[in-house]
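Novice: I have a structure here, written as structure tokens, and I will follow up with some questions on it.
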Amino acid sequence: MAYLDSIGSPEDLKTLKLKELPLLAEEIREEIIAVVSVNGGHLASSLGVVELAIALHYVYNAPKDKIIWDVGHQAYAHKLLTGRRKRFSTLRREGGISGFPKRSESPFDPFDVGHSSTSISAALGMAVARDMEGEDYKIAAVIGDGSMTAGLAFEGMNQAGHLGRDIVVVLNDNEMSIAANVGALSNYLSRIITGVRAEKLRRETEQFLKKLPRVGEQVLKVASKTGERVKGLLTPGMLFEEMGFSYMGPIDGHDIRMLTEALGDARARKGPALVHVMTTKGKGYEHAENNPTAFHGTPPFDVESGETAGSRSPGGGGVSYTGVFGDALAELAREDPSIIAITAAMPEGTGLAKFAKEFPERFFDVGIAEQHALTFSCGLAACGKKPVAAVYSTFMQRAYDQVVHDLCMQNLPVVIAMDRAGVVGEDGETHQGLFDISFMRNVPNLVFMAPKDENELRHMLYTALKLNCPVALRYPRGKGVGAPLDRGFEEIPLGRAEVISEGSDLCIVAVGNTVNPALQAADALSGSGYSVGVMNARFIKPIDRDAIIAAASSSRRILTVEENVLTGGFGSAVLEALEEAGITNIPVKRIGVPDTYVEQGTQAQIRKRLGLDAEGIFQAAEAFISERVLAE
């Protein structure tokens, strides 16, 4: 690591000669592979932009100049070049550096990112602020081709072209985001690649015409007025130029000399500029190049063989919730041709790859466009179909207006399958699914369920497809608890909780994946001489008021447990149910996530930190019982 060891900041990078930078790129790749093979992380995307990261810091003067990495999981090389080499081994670990750019972590990270397509809007806001203050720094937004399918990216470009401020957008085109890119824009970018010859032809034609006295200049003027058809034939970047951006590219994203020249040219230009860079996802690591989807977000792996250490799904002893969902949906779809599956660029991550293969005509990947995914599903439902939209909990935040306005206001039968609900783990604050109970349960007409295990998930999916209304399912990342899977499906009575056991000292009302640690805690409490019951709520909405009122009558206390923020969460729903029933004399304690963002760590570490494992629930319950006994 002769070169990498010498770099503590981009200023050190600038002391190297251009011919030395490819050697530095090799060392950076070695370091990224070594750390991610131990810690897990986003490998393929980061390997693909090593030369781009080097070129950006070689040309720009960060941190005065602002470099914004859209999504952020591609920023590992950026972190290594900006003073975080010594801490890089702590990547994504509890107490370590984040897997994404983070303002509180480094002045070289001007904007926190984790969800896609935010960079252009953020860059434009910074450019306006810069110009208002009369400052002269430069701003570059690095956005992947997959992220360009989101409406937010085009909203930012639209205003940027209108305002004409000095910003540079670097389009990192690796021909895929997490899954293969889809849509008209992706097809357009693919055509641009073959448009390099057209660009060369346009330049040569212009040069030739300019040499012709009088006639040549007149022909150029006429050609400039013939409209988009001629321009589209000769200019590969027509779309971006029509939006007010000067277009440069496509450029080989692994040729550092070419990159530095193009970025230097773009940095010096006035007004918005777009540099189109072609990269290879997984570059420099054969296994990642051959299978970039598997190495997009990977658990620890063996560098030589590329094989992962154990299952890709963390957690308990069963199959993954994601896998159970995907298998169950495909099984149900064989009997019901009206079932349609929708995902927003995550067919593998949401478990829908099997469905897509078996029912390609009934599967739709809309790209990174959660808002469109929901309204598209609503259109299907309005015409008699049974759409199931599979979206991670953290990304459902982006489609909240569609849930309120397009889905629930019209009371349409769309099933939202929210994977990665609750504690997600090493991806940290941007990806924890800890808010969905609070922002979903207050919407009229919505039925909201959470299974205690992977078998109950099957039955809930079946139930959801039977209900003629909007339904949301939330289930966690990783393996289930090892519950045996029933062969068939059973419909769960709407709004009916499962009373697993009863107790006179305490009733633990748990929801989703907190039910099993609650059962473990109840067993330990029983061993300490307490009488403790456990209720599996199953339904967040409609909540089983009768069961809660009965628990209030038979137990001296109620303890609620949820893997969601406490503010407006499931515990709040229990309190509301008691208040509406006029029951105000029973003590209630809520366990959940405090009013804060939860940083990275393993799922087990985070649950322990939050007191949401069996031990934490036991301690909270024992203290609750003891304090009430003393008060009595």
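Novice: Across segment 128-155, what is the total count of residues that are part of a helix (DSSP H, G or I) and of a type outside the set (A, V, I, L, M, F, W, C)?
Specialist: Number satisfying all stated conditions: 8.
Novice: Inside segment 504-593, counting only strands (runs of 3 or more DSSP E) that do not spill past its ends, which hold 1 or more residues that are charged (D, E, K, R)?
Specialist: In segment 504-593, 539-541, 558-565, 588-593 are the strands (runs of 3 or more DSSP E) which contain 1 or more residues that are charged (D, E, K, R).
Novice: Still on this model: Out of segment 4-16, which residues are of a type outside the set (A, V, I, L, M, F, W, C) and either part of a helix (DSSP H, G or I) or outside the structural domain of LEU81 (by TED's automatic domain parsing) (or both)?
Specialist: Correct list: ASP5, SER6, PRO10, GLU11, ASP12.
To keep it simple, each residue is scored yes or no on (1) at pLDDT 95 or above; (2) over 25 Å from MET396 (Cα atoms).
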site	(1), (2)
GLN74	no, no
LEU81	yes, yes
LYS86	no, yes
THR90	yes, yes
PRO101	no, no
HIS115	no, no
SER119	no, no
ALA127	yes, yes
ASP131	yes, yes
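Novice: Would you pick out the residues in segment 322-375 that are of a type in the set (Gly, Ala, Ser) and part of a helix (DSSP H, G or I)?
Specialist: If the condition is that a residue be of a type in the set (Gly, Ala, Ser) and part of a helix (DSSP H, G or I), then GLY323, GLY326, ALA328, ALA330, ALA333, ALA353, ALA356, ALA373 are the ones that fit.
Novice: Okay, moving on. Which one of ALA399, ALA373 is surrounded by fewer than 24 Cβ atoms within 10 Å (Cβ to Cβ) and either of a type outside the set (Gly, Ala, Ser) or more than 16 Å from PHE325 (Cα to Cα) (or both)?
Specialist: Going through ALA399, ALA373 in turn, just one is surrounded by fewer than 24 Cβ atoms within 10 Å (Cβ to Cβ) and either of a type outside the set (Gly, Ala, Ser) or more than 16 Å from PHE325 (Cα to Cα) (or both): ALA399.
Novice: So for segment 95-103 (the condition being over 23 Å from ILE143 (Cα atoms) and assigned by TED's automatic domain parsing to the domain that holds ILE139), does at least one residue qualify?
Specialist: Checked against the condition, which is being over 23 Å from ILE143 (Cα atoms) and assigned by TED's automatic domain parsing to the domain that holds ILE139, segment 95-103 yields at least one hit.
Novice: Inspect all residues belonging to segment 286-302 and state whether any of them is β-branched (Val, Ile, Thr) and either part of a strand (DSSP E or B) or under 23 Å from the mean Cα position of the chain (by Cα) (or both).
Specialist: yes
Novice: If you scan segment 90-116, which residues turn out to be among the hydrophobic types (A, V, I, L, M, F, W, C) and under 20 Å from the mean Cα position of the chain (by Cα)?
Specialist: Within segment 90-116, the first condition is being among the hydrophobic types (A, V, I, L, M, F, W, C), and the residues that meet it are 91, 97, 100, 108, 111, 113.
Listed by number, the residues that qualify are LEU91, ILE97, PHE100, PHE111, VAL113.
Novice: Can you name the number of the only condition in (1) assigned to a strand (DSSP E or B); (2) under 27 Å from GLN600 (Cα atoms) that GLU426 fails?
Specialist: Result: GLU426 fails condition (1) only.
Novice: Right, something else. Restricting to segment 35-80, name every residue that is without any contact (Cβ under 8 Å) to a residue 40 or more places away in the chain, under 13 Å from PRO10 (Cα atoms) and touching a strand residue (DSSP E or B) at 6+ places or on another chain (Cβ under 9 Å).
Specialist: The answer is ALA53, HIS78.
Rundown of residues vs (1) small (Gly, Ala, Ser); (2) at pLDDT 95 or above; (3) in contact with a helix residue (DSSP H, G or I) (Cβ under 8 Å, 6 or more places away or on another chain), yes/no style:
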residue: ILE339; (1), (2), (3): no, yes, yes
residue: ALA344; (1), (2), (3): yes, no, yes
residue: PHE355; (1), (2), (3): no, yes, yes
residue: ALA373; (1), (2), (3): yes, yes, yes
residue: LEU380; (1), (2), (3): no, yes, no
residue: ASP427; (1), (2), (3): no, no, no
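Novice: Does MET126 count as touching a strand residue (DSSP E or B) at 6+ places or on another chain (Cβ under 9 Å) and surrounded by fewer than 21 Cβ atoms within 10 Å (Cβ to Cβ)?
Specialist: Yes: the conditions hold for MET126.
Novice: Do we find a residue being under 32 Å from the mean Cα position of the chain (by Cα) and touching a residue at least 60 places away in the same chain (Cβ under 8 Å) anywhere in segment 574-584?
Specialist: Yes.
Novice: Taking only pairs six or more apart or across chains, which ones have beta-carbon atoms under 6 Å, a first residue in segment 460-488 that is surrounded by 17 or more Cβ atoms within 10 Å (Cβ to Cβ), and a second residue that is assigned to a strand (DSSP E or B) and among the basic types (Lys, Arg)?
Specialist: From residues that are surrounded by 17 or more Cβ atoms within 10 Å (Cβ to Cβ), the pairs are LEU465/LYS386.
Novice: Hey, another quick one. Consider segment 516-548. How many of its residues are surrounded by 17 or more Cβ atoms within 10 Å (Cβ to Cβ) and either without any contact (Cβ under 8 Å) to a residue 12 or more places away in the chain or hydrophobic (A, V, I, L, M, F, W, C) (or both)?
Specialist: Summing the residues that are surrounded by 17 or more Cβ atoms within 10 Å (Cβ to Cβ) and either without any contact (Cβ under 8 Å) to a residue 12 or more places away in the chain or hydrophobic (A, V, I, L, M, F, W, C) (or both) in segment 516-548 gives 15.
Novice: Among PHE448, PHE435, which is surrounded by fewer than 24 Cβ atoms within 10 Å (Cβ to Cβ), within 21 Å of THR343 (Cα to Cα) and either basic (Lys, Arg) or touching a residue at least 40 places away in the same chain (Cβ under 8 Å) (or both)?
Specialist: Only one candidate qualifies: PHE435.
Novice: Oh, and also: Quick one: count up the residues across segment 257-282 that are more than 25 Å from the chain's Cα centre (by Cα) and assigned to a loop (DSSP other than H, G, I, E, B).
Specialist: Number satisfying all stated conditions: 4.
Novice: Of all the residues that make up segment 30-82, how many are assigned to a helix (DSSP H, G or I) and touching a Phe, Trp or Tyr at 6+ places or on another chain (Cβ under 7 Å)?
Specialist: Looking only at that region, the number is 11.
The values are calculated or read from the model by the stated rules, or taken from the named source; none is laboratory data. A quick note: this is a predicted structure, and the numbers were derived from the prediction, not measured. So basically every Cβ, Gly included, is an ideal-geometry build from the backbone, and we count neighbours across all protein chains shown.
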